[in-house]
1. Could you list all residues from segment 160-191 that are touching a residue at least 24 places away in the same chain (Cβ under 8 Å) and not in a helix (DSSP H, G or I)?
2. Mind listing whichever residues of segment 329-349 are of a type outside the set (G, A, S) and not in a helix (DSSP H, G or I)?
3. Within the bounds of segment 296-312, is there any residue that is touching a strand residue (DSSP E or B) at 6+ places or on another chain (Cβ under 9 Å) and within 20 Å of E139 (Cβ to Cβ)?
4. What number goes with the only condition from (1) in the same structural domain as P217 (by TED's automatic domain parsing); (2) over 30 Å from G149 (Cα atoms); (3) part of a loop (DSSP other than H, G, I, E, B); (4) not polar (S, T, N, Q) that M109 does not pass?
5. Report yes if some residue within segment 85-102 is hydrophobic (A, V, I, L, M, F, W, C), out of contact with any Lys or Arg (no Cβ under 9 Å at 6 or more places or on another chain), outside any helix (DSSP H, G or I) and at pLDDT 95 or above; otherwise report no.
6. Please find, within segment 34-63, the residue that is farthest from D257 (Cα to Cα) out of those that are part of a helix (DSSP H, G or I) and of a type in the set (V, I, T).
7. Given the structure, is P183 surrounded by 14 or more Cβ atoms within 10 Å (Cβ to Cβ), assigned by TED's automatic domain parsing to the domain that holds L47, in contact with a helix residue (DSSP H, G or I) (Cβ under 7 Å, 6 or more places away or on another chain) and at pLDDT below 90?
8. Out of the residues in segment 377-398 meeting the condition of being of a type outside the set (A, V, I, L, M, F, W, C) and either modelled with pLDDT of 95 or more or out of contact with any Asp or Glu (no Cβ under 7 Å at 6 or more places or on another chain) (or both), tell me which one is surrounded by the fewest Cβ atoms within 10 Å (Cβ to Cβ).
Amino acid sequence: MAKFEKASSIGEWLDQRIAVETLKKVMQTEYWIPKDINFLWAMGMVLAATFGILIVSGIFLLMYYQPHVDHAFDSVNYLIMTEVGYGWLWRHIHGVGASLVFLIIYIHMFTGIYYGSYKRGRELIWISGMLLFVLFSAEAFSGYMLPWGQMSYWAGMVITNLFSGGSLEAYGLVEWIRGDYVPAQAFLTRFFMLHVFLMPLMIIGAIVFHFGTLRIPHVNNQEGEDFDYAEAAELYKAGKVKESKVIPFSPVFLSKDVFVMGVYFVLFFYLVFYNFSFAMDPVNFDPANGLSTPAHIYPEWYFLWSYEILRPFSKDIGLILFAISQVIFFTLPFLDRSPNVAPASRRGLFKYWFWILLVDCLILTFMGKLPPTDPTFASIGLVSAVIFFALWIALPIITKLEKKL
């Protein structure tokens with residue numbers, strides 16, 4: 001018990017009881033990061049920082065928001081925006097953050113695909129990341145209901161109708177989810193609870209799990225090089241190499257993260273003060289009205305690509321393909337049969353697969369915002385949806401034929 005005596009500082013007193021210094025070494029100074037990585041590897045920390053801002057701004061909004069169908073719209077668009085000091089600022093921060101968090105997720109996701117960061121023991125990193133994407137999607141959808149505007153109401157109506165299963169006509173399940181025949185008080189209350197309590201807790205847990213999966217296989221690098229991190233770290237600490245392959249997470253790599261976050265937040269607050277309208281649908285500034293259907297119902301931009309996959313097909317086929325599109329990315333580590341962990345630019349046919357997928361998702365996103373009345377646009381959406389699934393069918397074939405580098 002002698003080691004618990006004569007602590008000379010608060011830090012030493014805590015270290016004796018909860019091993020603060022050991023935790024610091026494990027998570028920071030002795031957590032080694034490949035030196036050969038670029039600013040795209042900072043997207044994870046940018047995402048975590050943005051989520052933190054969403055939590056803080058959400059707490060301030062929660063102080064004045066009223067989750068009641070008779071008061072929700074006014075509490076957001078009148079009370080918070082005009083009566084509460086700087087309430088408009090917190091709403092702009094929350095709205096812009098909700099959009100940018102998905103931009104960061106998509107950049108992070110396609111960076112992982114480009115560099116093959118889901119291969120060679122990193123499958124759980126990818127799967128936990130995709131789980132985070134699903135949870136953020138549920139969080140965003142539940143939050144979109146809370147202003148109780150026209151698009152909130154009708155988007156909620158359309159999305160919950162998907163659970164009827166098309167020809168299965170499982171409307172009992174839809175009513176159970178809503179708590180009523182149509183979106184009403186029970187619906188708003190349930191999605192309020194999901195948005196402010198359950199989903200944030202699940203996201204925090206998934207973030208911890210995602211960072212935990214990074215500890216064993218370590219993060220990937222630009223060239224996909226595989227080496228002994230422990231040996232490289234020992235050589236670095238002993239000063240036996242002229243140029244090390246690894247750097248400590250803190251403070252070296254963390255300083256790079258902070259720099260990237262600084263640049264990002266300049267853009268973030270520029271949008272908050274000068275271009276916040278992109279994150280706020282004008283239709284949603286009309287109060288929810290179940291007797292007046294908007295001319296064109298569509299989700300937020302980050303859901304448009306999967307929404308466009310649903311639209312061109314019959315009800316049943318569209319629902320099946322929509323469901324597949326939500327889970328297909330989870331299977332990427334198992335569909336990619338190539339032995340190579342390398343950037344897409346060095347992987348033969350895969351580089352074309354990657355760029356076609358990226359462009360196709362952008363086209364699906366653009367088409368999803370347009371009304372389905374124009375036959376030309378409808379045809380483009382149909383072709384893009386077919387290409388999306390053709391790419392995933394072709395993936396195991398083209399990667400199996402890939403030569404080992």
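The values are calculated or read from the model by the stated rules, or taken from the named source; none is laboratory data. Remember, it's a predicted structure, so these values are computed and weren't measured experimentally. Please note: Cβ atoms are built from the backbone with ideal geometry, for glycine as well, and neighbour counts cover all protein chains shown.
1. Residues satisfying the conditions are G165, V182, P183, A184.
2. D336, R337, P339, N340, V341, P343, R347
3. No, because not a single residue in segment 296-312 is touching a strand residue (DSSP E or B) at 6+ places or on another chain (Cβ under 9 Å) and within 20 Å of E139 (Cβ to Cβ).
4. Exception for M109: condition (3).
5. Checking segment 85-102: not a single residue is hydrophobic (A, V, I, L, M, F, W, C), out of contact with any Lys or Arg (no Cβ under 9 Å at 6 or more places or on another chain), outside any helix (DSSP H, G or I) and at pLDDT 95 or above.
6. Among them, the one singled out is I59.
7. Answer is no for this residue.
8. The qualifying residue surrounded by the fewest Cβ atoms within 10 Å (Cβ to Cβ) is S379.
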